Ligand code: AMP
Ligand code: GLY
């Protein structure tokens, strides 16, 4: 079978890399891919999604995996399914769980899913009244997609009100901010939990932890994620059971009841407060860089899981995960997250250890050379029996990479290492 992976980041690279070993796959296309995915398969470009769908029909593509949220929110999975193409990724209606925070919060309330107390509104006065009822800090969110930037943790009531004002008048996030969610601040630790879903049944992957801040010790500006690891020892089995029973199950049941069965990966952003999980946000896709550390943890059965979701028949799927840990360290360009770099030559020494590899994101290929071009350039990934071993291998792999202006965090997985080494 031939498959298509939609997207161009290290997330999509890592899915391709993991599926490359699958003997049932004859070829992988990346739409549009990046300068390194062309080594794993073939990059394809189309003027629009209609041309892509025609291509998928003509080539009898066996499975399309949609990586990023934007094409999901825009309904790419719907068009593919309408044309009989097996697709891993939710419909536009189901993707509203990520596309609209107001929809997600109302959904959580309707189905009794634990989440921070909130209102969603387009009215400044209503927002102000609610803000004054909350303790500080206050959380203000733009309703729509803002490339991960639409959340303000306001330290004063004045800041919260100003954030609401600038969202509602379109100044800070354009159309995406014309509705806001105001909610109470939850104080705990964060966890990313991924459930591969077929509309009814689901498989929970090992809990992961991202590092969103640019600098060591979780300082500096927010980014798309500077590194991740899984499984996180911060989550025990009873916590995962609570996440399954109180968050994932009622979500799948609710989505089905509403006529929008969820097919694809449900990314639950969780805040754990006093051992209780609260839903912070849903994403309707794999996290990036979380995906880069989850894919290597599949010992076998990844393709069956993806197909099982797409065919809405996960029940009989068998798969096996590795026992150990996986750590990924992002190498970003000099001015990330403020500016992308144009073109810097990447030099990579050969990797000798099979327990580490590089997943590529913002790279272009010219001749035989790879160039950094973008914000997050690549992720060095290491696997090991302990978090320490996996971390050492990831940093070892990173040592083999060089480009002008490369920056990375030196403390990825620090919370897990502290626990492990206690
Ligand atoms: P979101 O995009 O909704 O996950 O928000 C981005 C980040 O803001 C989260 O990963 C949290 O670190 C933080 N955040 C969002 N909502 C809350 C909340 N209610 N309480 C505390 N932190 C929050
Ligand atoms: N790593 C966070 C995200 O993909 O949204």
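The values are calculated or read from the model by the stated rules, or taken from the named source; none is laboratory data. If you're wondering where the values come from, they're calculated on a predicted model, not measured in any experiment. A quick note on method: Cβ atoms are made from the backbone with ideal geometry, for glycine too, and the neighbour counts reach across all protein chains shown.
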* To do: Evaluate segment 108-131: report whether one residue or more is touching a residue at least 40 places away in the same chain (Cβ under 8 Å), closer than 29 Å to residue 239 by Cβ and within 16 Å of ligand 2 (Cβ to nearest atom).
  => no
* Among the candidates 290, 344, single out the residue that is within 24 Å of residue 215 (Cβ to Cβ), within 16 Å of ligand 1 (Cβ to nearest atom) and at pLDDT 95 or above. => 290
* To do: Could you grab me the full set of residues in segment 171-213 that are at negative phi, surrounded by fewer than 19 Cβ atoms within 10 Å (Cβ to Cβ) and not in a loop (DSSP other than H, G, I, E, B)?
  => 175, 184, 189, 190, 203, 204, 213
* Filter pass, residue 246 being more than 24 Å from residue 145 (Cβ to Cβ), modelled with pLDDT of 95 or more, surrounded by fewer than 22 Cβ atoms within 10 Å (Cβ to Cβ) and over 18 Å from the mean Cα position of the chain (by Cα) -> yes
* Give the residue that is nearest to residue 131 (Cα to Cα), with candidates limited to residues of segment 166-179 that are away from ligand 2 (no atom under 16 Å from the Cβ) and touching a strand residue (DSSP E or B) at 6+ places or on another chain (Cβ under 6 Å). => 167
* To do: May I ask you to list the residues in segment 251-266 that are surrounded by fewer than 23 Cβ atoms within 10 Å (Cβ to Cβ), in contact with a helix residue (DSSP H, G or I) (Cβ under 9 Å, 6 or more places away or on another chain) and either closer than 12 Å to residue 195 by Cβ or at pLDDT below 95 (or both)?
  => none
* Asked: Restricting attention to segment 125-143, which residues are buried (at least 19 other Cβ atoms within 10 Å of the Cβ) and either under 27 Å from the mean Cα position of the chain (by Cα) or within 12 Å of ligand 1 (Cβ to nearest atom) (or both)?
  -> 134, 138, 139, 140, 141, 142, 143
* To do: Given the conditions (1) loosely packed, with under 15 Cβ neighbours inside 10 Å; (2) at pLDDT 95 or above; (3) within 16 Å of ligand 1 (Cβ to nearest atom), report the number of the one that residue 116 does not fulfil.
  => (1)
* How about segment 361-422: which strands (runs of 3 or more DSSP E) wholly inside it have at least 3 residues that are surrounded by 18 or more Cβ atoms within 10 Å (Cβ to Cβ)? -> 369-374, 376-384
* Does any residue in segment 255-273 that is closer than 19 Å to residue 80 by Cβ come within less than 6 Å, Cβ to Cβ, of a residue that is within 16 Å of ligand 1 (Cβ to nearest atom) six or more places away or on a different chain, and which pairs are these? -> 265/194; 265/286
* Please tell me if residue 204 is at pLDDT 95 or above and within 16 Å of ligand 1 (Cβ to nearest atom). => no
* With the checklist (1) touching a residue at least 60 places away in the same chain (Cβ under 8 Å); (2) part of a loop (DSSP other than H, G, I, E, B); (3) touching a strand residue (DSSP E or B) at 6+ places or on another chain (Cβ under 9 Å) in hand, flag the one item residue 217 doesn't pass. => (3)
* May I ask you to list pairs of residues, at least six apart or on different chains, whose Cβ atoms are under 6 Å apart, with the first in segment 9-20 being closer than 9 Å to residue 359 by Cβ and the second being at pLDDT below 95 and more than 16 Å from ligand 1 (Cβ to nearest atom)? => none
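Look at residue 162 and say whether it is surrounded by 15 or more Cβ atoms within 10 Å (Cβ to Cβ) and within 16 Å of ligand 1 (Cβ to nearest atom). Before you say what the answer is, go through the steps one by one.
Values: surrounded by 15 or more Cβ atoms within 10 Å (Cβ to Cβ): yes; within 16 Å of ligand 1 (Cβ to nearest atom): no.
Criteria not met by residue 162.
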